[in-house]
2 protein chains.
Amino acid sequence: MTALTLQALDTPAAIVDIDRMQRNIAVMQARMDAHGVRFRPHIKTSKCLEVIRAQLRAGAQGVTVSTLKEAELCFEAGIEDILYAVGIAPAKLARAIALKRRGCALKLVVDNVAAADAIVTACRSENERLEVWIEVDTDGHRSGLAPDGETLLEVGRALHDAGIPVGGVMAHAGSSYEVNTEAALRALAEQERQGCVLAARRLREAGIECPGVSVGSTPTALAAERLDGVTEVRAGVYVFFDLVMHNVGVCTLGDLALSVLTTVIGHQPEKGWVIVDAGWMALSRDRGTAKQPCDFLYGLPCDLDGTPIEGHLLISANQEHGILAAAGNSVRGEEDALAARFPLGAKLRVFPNHACATGAQFSEYHALDAQGGLTPWHRFRGW
Amino acid sequence: MTALTLQALDTPAAIVDIDRMQRNIAVMQARMDAHGVRFRPHIKTSKCLEVIRAQLRAGAQGVTVSTLKEAELCFEAGIEDILYAVGIAPAKLARAIALKRRGCALKLVVDNVAAADAIVTACRSENERLEVWIEVDTDGHRSGLAPDGETLLEVGRALHDAGIPVGGVMAHAGSSYEVNTEAALRALAEQERQGCVLAARRLREAGIECPGVSVGSTPTALAAERLDGVTEVRAGVYVFFDLVMHNVGVCTLGDLALSVLTTVIGHQPEKGWVIVDAGWMALSRDRGTAKQPCDFLYGLPCDLDGTPIEGHLLISANQEHGILAAAGNSVRGEEDALAARFPLGAKLRVFPNHACATGAQFSEYHALDAQGGLTPWHRFRGW
């Protein structure tokens with residue numbers, strides 16, 4: 001059997017650089033160990049057991065998931081400690097209870113009294129005790145309760161008084177994706193920490209046990225100076241990093257572990273365009289860098305060895321066509337150089353804006369080892 | 001067995017309204033029949049055999065595909081006449097030849113001499129004769145050769161002189177997505193027709209047989225006033241339509257056949273936000289309406305019966321969270337009304353920006369019949 005190589009692989013394909021991934025995992029885990037907190041990786045980025053196992057081997061304790069499907073598949077793979085970090089819809093409680101009954105230490109999340117009541121009702125009816133965490137909003141970007149508001153205590157009491165254990169409070173400072181200085185990231189991490197610690201303290205003062213204090217986003221996890229009062233941190237995209245994280249300032253281009261392998265299928269010489277077979281179906285429609293200081297359009301091309309091709313970008317994408325061109329104005333009279341640099345059939349890789357979205361376009365990764373060998377790694381999908 | 005209904009279905013889910021889809025198929029086919037041209041639907045939108053079979057039953061002849069995987073799966077389902085409408089990478093020729101040898105009337109597309117030469121070399125080496133169509137560019141938006149340029153004839157000769165049949169010329173006026181008046185669409189359709197007919201005439205005058213003249217995009221297919229000289233039309237998104245097509249002006253909201261079913265999982269009353277369980281993993285990151293006169297952000301919510309919820313939009317999306325709010329400024333003091341209108345657990349549907357991108361986020365559709373029954377329809381994916 002000939003070993004699969006990048007040159008021989010069908011395109012488009014999603015490539016995971018194993019060394020870079022392992023380094024990203026080690027750096028994050030070392031930082032969490034130094035803080036003395038548990039680390040619970042968010043698997044929504046990879047949705048891949050090989051990646052999750054590497055995170056657990058490095059010291060992660062339990063996982064965070066974004067869908068019950070991820071929870072079910074992780075549990076079937078032997079992972080028991082699972083936080084489902086999206087507020088649960090009442091109709092999904094039957095699946096959650098079924099998973100718990102199989103032995104899963106599943107933790108649900110709520111941010112409103114109606115959802116807490118629905119959990120209480122379902123647990124009573126099924127004679128079960130689901131563990132519930134309360135979501136706290138520390139930066140106003142999405143869901144969660146104000147750490148200093150009354151609803152937090154109402155939700156806590158609704159659960160506690162019905163005998164449902166409140167496992168903790170959790171926050172996700174998603175707005176950290178929108179800043180790009182160390183000072184701003186530090187401030188946001190501290191705001192996330194303070195809000196979450198405050199929420200836990202208020203619940204405890206109200207007589208509600210609340211052992212866990214969980215914070216996290218990749219930028220705040222890496223930027224936090226202190227994590228007093230925090231018991232665990234969650235982060236997802238750090239495992240691969242991407243151009244958005246590069247713009248945020250928490251990784252270098254040399255840390256990007258996910259790329260899309262593509263092949264040149266044509267040229268538009270007058271326009272300075274190289275047409276490749278990675279369109280948005282492969283790269284995703286995510287334009288996360290559009291609002292950042294450096295807009296990478298549909299991605300940054302690199303050579304097969306991972307070296308960025310300076311001054312060029314994927315400037316546009318149709319479903320199965322990508323257009324590579326010089327960033328900014330193309331240089332007139334260099335059409336021949338372009339065709340020589342990127343001839344028909346040439347292969348290159350593209351670093352994506354957002355690893356979570358680009359990975360989701362594929363059924364599998366091809367994991368690239370230091371010897372250039374490739375191994376297929378399956379990805380979950382669906383809900 | 002209880003029949004599956006929208007109320008009972010797990011969310012998020014991709015819903016296809018069968019009646020609307022059948023009407024869209026019938027309208028397009030009737031228009032093509034009136035023009036006296038063959039219709040070859042582009043299956044990249046649905047990637048679903050049930051949809052493709054409905055198109056063929058209505059009178060479509062052959063299919064257009066965007067990947068060899070689609071070609072292989074269609075052929076295995078009994079469809080033999082297949083146009084692979086993306087310029088082929090030389091490394092994919094072995095798969096194309098294998099498909100032809102199984103009996104598939106596969107048509108490849110090229111737009112450059114190097115690709116034509118690669119086909120000639122592969123065909124010689126394998127003693128095969130692949131049918132090749134030449135891609136023509138009539139609106140400068142992507143790949144394809146100038147209909148009045150020399151390269152067109154060079155590519156034609158490279159194939160013809162080596163005994164490779166040139167099946168025809170094909171163009172895709174993708175820039176039709178960027179206009180929104182009937183006059184502009186008509187002009188673009190005529191430009192597409194003229195360019196393609198000119199290219200075919202020049203090839204024929206050079207002694208190269210070129211029986212086929214294939215044009216198409218959903219907007220130009222529906223807007224074309226005359227199709228003299230055209231032998232077939234291709235279109236894809238018309239089968240479901242979407243908000244982009246609504247903005248282009250070629251369908252009404254009542255024609256939109258694809259929507260995403262979602263459940264309310266929380267609220268941020270102070271902000272006037274309703275949190276739902278359809279984020280970008282379900283809706284896709286496609287923001288196709290962003291550059292159009294009416295920006296629908298992440299989609300237009302509707303009730304379970306498909307009635308748009310006036311004045312509201314999905315204003316933002318995280319991976320598994322969508323935020324529904326009043327379009328424009330939210331109305332202060334109406335927070336309670338919002339929670340009453342969209343209580344926890346309530347289900348609604350969301351019309352997407354771009355049906356091709358949203359469909360691709362799902363492994364299956366749930367096809368909704370006139371009686372409210374649902375049937376799962378599998379979707380292809382990958383390359």
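Readers should treat all values here as calculations from the given coordinates under stated rules, not as data from a laboratory. Note that the coordinates shown come from a computational prediction; the quantities given were computed from them, not determined experimentally. Cβ coordinates were reconstructed from backbone atoms using ideal geometry, including for glycine residues, and neighbour counts include every protein chain displayed.
With R₀ set to 45 Å, the beta-carbon distance separating B:Glu364 from A:Leu253 gives a calculated FRET efficiency near 0.75.
Model label points for B:Arg341 and B:Arg101, set 7 angstrom from Cα along the Cα-to-Cβ axis, are 6.2 nm apart.
Only Cα pairs under 8 Å and at least 6 apart count here; give the relative contact order of region A:285-380 as a rounded whole percent.
Numbers: 122 pairs, mean separation 24.4, N = 96.
Relative contact order of region A:285-380: 25 percent.
Dividing the alpha-carbon radius of gyration of chain A by the rule-of-thumb value 2.2 N^0.38 Å gives 1.07. Ordering B:Val248, B:Ala326, B:Trp273 by Cα displacement along the dipole of region B:244-326 toward the positive end leaves B:Val248 in first place; charges were set at the Cβ atoms of Lys, Arg (+1) and Asp, Glu (-1).
In chain B, the longest principal axis of the Cα atoms and the axis of helix B:150-160 are about 70 degrees apart.
Using 0.36 nm per residue, how much length does the chain from B:Cys294 to B:Asp81 gain when fully extended, once their Cα-Cα distance is taken away?
Net length gain for the segment: 72.8 nm.
So if I place +1 on the C-beta of Lys and Arg and -1 on the C-beta of Asp and Glu, and nothing else carries charge, what would the dipole magnitude of chain B be about its Cα centre? I want it in debye, nearest 20. Before the final figure, lay out each step's value.
On the way: 37 positive and 46 negative charges, 140 e Å.
Dipole size: approximately 680 debye.
Taking GluC sites (Glu not before Pro) in DSSP loop states with no more than 14 other Cβ atoms inside 10 Å as exposed sites, chain A has its longest site-free stretch at A:81-208. With Cα atoms defining each centre, region B:120-137 and region A:75-141 are spaced 57 Å apart in the structure.
Copy B relates to copy A by a rotation, and the B residue whose beta-carbon is nearest that axis, with the distance in whole angstrom, is B:Arg285, 2. Residues in region B:65-70 carry Karplus couplings, in order, of 10, 10, 9, 5, 4, 4 Hz; the curve used is 6.51 cos²θ - 1.76 cosθ + 1.60 with θ = phi - 60°, and Gly or Pro positions show x. Label-point spacing at B:Ala105 relative to the other copies reads 6.3 nm, in ascending order, each point sitting 7 Å out from Cα along Cα→Cβ. If only the Cβ of Lys and Arg carry +1 and only the Cβ of Asp and Glu carry -1, the dipole of the protein assembly as shown around its Cα centre is close to 1080 debye. Ranking of B:Ile97, A:Ile275, B:Ile134 by neighbouring Cβ atoms within 10 Å, starting from the fewest: B:Ile97, A:Ile275, B:Ile134.
List A:Asp137, A:Asp295 from most exposed to least, where exposure is judged by having the fewest other Cβ atoms within 10 Å. Let's see the in-between values first.
Working: A:Asp137 22, A:Asp295 15.
Least to most surrounded, the residues fall as A:Asp295, A:Asp137.
Remark: region B:253-378 is approximated by an ellipsoid whose semi-axes, taken from the C-alpha gyration tensor as √(5λ), come to 23, 17, 14 Å, largest first. Loop-located chymotrypsin sites (Phe, Trp or Tyr not before Pro) in region A:1-95 (DSSP state not H, G, I, E or B) with no more than 16 neighbouring Cβ atoms inside 10 Å do not occur. Excluding same-chain neighbours fewer than eight residues apart, the aspartates and glutamates reachable from B:Lys347 by a Cα-Cα span under 12 Å are B:Asp10, B:Asp277, B:Asp303, B:Asp305. Amide H contacts of B:Gly306 (H built 1.01 Å from N, in plane; Pro and chain starts excluded): no residue 5 or more places away or on another chain comes under 5 Å.
Karplus-derived 3J(HN,Hα) values for region A:248-255, using 6.51 cos²θ - 1.76 cosθ + 1.60 with θ = phi - 60°, are 5, x, 9, 7, 9, 4, x, 8 Hz; glycine and proline are entered as x. When we measure straight from the Cα of A:Lys291, which lysines land under 20 angstrom away, once same-chain ones fewer than 8 places off are left out? Counting by Cα, and skipping residues close in sequence, A:Lys291 has these lysines nearby: B:Lys291.
Across region A:189-194, rounded Karplus estimates of 3J(HN,Hα) from the backbone phi angles (6.51 cos²θ - 1.76 cosθ + 1.60, θ = phi - 60°) give 5, 5, 4, 5, 4, 4 Hz, Gly and Pro being marked x. Contact order for chain A, expressed relative to its length and based on alpha carbon pairs under 8 Å spaced 6+ residues apart, stands at 20 percent. Of all lysines in the structure, the ones whose alpha carbon falls short of 17 Å from that of A:Lys107, not counting any fewer than 8 places away in one chain, are A:Lys44, A:Lys69, A:Lys92. With label points defined 7 Å past Cα in the direction of Cβ, position B:Ala290 shows copy-to-copy spacings of 0.1 nm, given to one decimal and shortest first. Counting from the shortest, the label point at B:Arg204, 7 Å from Cα toward Cβ, is 8.5 nm from the same position in each remaining copy. Packing around the peptides B:108-116, B:342-350, taken as the average count of other Cβ atoms within 10 Å per residue, puts them in this order, highest first: B:108-116, B:342-350. Shown for B:Ser259, B:Ser143: other C-beta atoms within 10 Å of each C-beta, ranked fewest to most, produce the order B:Ser143, B:Ser259. Under the simplified labelling scheme, the B:Ala94-B:Gln7 pair shows an inter-label distance of 5.6 nm, with each label point 7 Å from Cα along Cα→Cβ.
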